[in-house]
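Structure record follows, encoded as structure tokens.
The values are calculated or read from the model by the stated rules, or taken from the named source; none is laboratory data. The model shown is predicted, which means the values in this text are computed figures rather than measured ones. Please note: Cβ atoms are built from the backbone with ideal geometry, for glycine as well, and neighbour counts cover all protein chains shown.
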């Protein structure tokens, strides 16, 4: 699953992480990439470490990529951070977060990576959130992502709010090298934004060519939970037929 959670704030303006947790839980996803996740960020999210809260609630492993990192509100308190997270049922073997190119006036973005094993099969999970208002900046970020992923030995999935529609140069650059799960097995337009009246497909599950997509769906169980709808894909990893997630 990829899910921009809008720091847990629904379209009704209410902060409700439990609502986000129920959406994830209902989709029964084993790997989840979250964007717009606060970590002790501000009063808007009650200074909660949202990634850790969701991991505890869902009983999943978690890593967090802080793309914005600010001094604490008061000395001795945790640093204020904003970024992305990866939740997974499988233990996380190693991880890192790499900052992506940022143009003047742009928001710092990053590529979060986590390496796991699914029933013995290695899988690298990437999660990102590209710049929302500058196509040239997004393209520079895509170029950096492609260089960071390189020619991997093992299968991977790239999850994210890419803030661009499928026909854009930045998405076409990615899908020249990666499979788009929606194109493979989605039905309909796959629109995810905005959640209550979606007219654009900007949230993606992309995979390496070794991964086979079996199904892809936009989750509409609670469209008011965030301003984005999440996307899920059931994929088969190379090896045994049991290596589905």
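Assorted remarks:
- The single condition among (1) in contact (Cβ under 8 Å) with a residue 12 or more places away in the chain; (2) more than 30 Å from residue 143 (Cβ to Cβ) that residue 71 does not meet is (1).
- Tally, over the stretch 80-95, of residues that are out of contact with any helix residue (DSSP H, G or I) (no Cβ under 7 Å at 6 or more places or on another chain) and either exposed (fewer than 14 other Cβ atoms within 10 Å of the Cβ) or in a strand (DSSP E or B) (or both): 11
- Filtered residue count, the stretch 205-214, keeping only those that are buried (at least 16 other Cβ atoms within 10 Å of the Cβ) and touching a helix residue (DSSP H, G or I) at 6+ places or on another chain (Cβ under 7 Å): 4
- Subset of the stretch 31-62 that is out of contact with any strand residue (DSSP E or B) (no Cβ under 8 Å at 6 or more places or on another chain) and part of a helix (DSSP H, G or I) - its residue that is surrounded by the fewest Cβ atoms within 10 Å (Cβ to Cβ): 43
- Residue pairs whose Cβ atoms lie under 6 Å apart, separated by 6 or more positions or on different chains, with the first residue in the stretch 88-100 and without any contact (Cβ under 8 Å) to a residue 24 or more places away in the chain and the second buried (at least 18 other Cβ atoms within 10 Å of the Cβ), are 96/113.
- Flag if residue 148 is under 22 Å from residue 85 (Cβ atoms) and surrounded by 21 or more Cβ atoms within 10 Å (Cβ to Cβ): no
- When the residues of the stretch 161-194 are filtered to those that are touching a helix residue (DSSP H, G or I) at 6+ places or on another chain (Cβ under 9 Å) and in contact (Cβ under 8 Å) with a residue 40 or more places away in the chain, the one that is nearest to residue 126 (Cα to Cα) is 162.
- Highlighted here are the helices (runs of 4 or more DSSP H) found entirely within the stretch 104-215 that include at least 2 residues which are within 18 Å of residue 231 (Cα to Cα), at pLDDT 95 or above and over 15 Å from the mean Cα position of the chain (by Cα): 169-175, 181-185.
- Per-region count, the stretch 215-241, residues buried (at least 24 other Cβ atoms within 10 Å of the Cβ) and closer than 13 Å to residue 6 by Cα: 4
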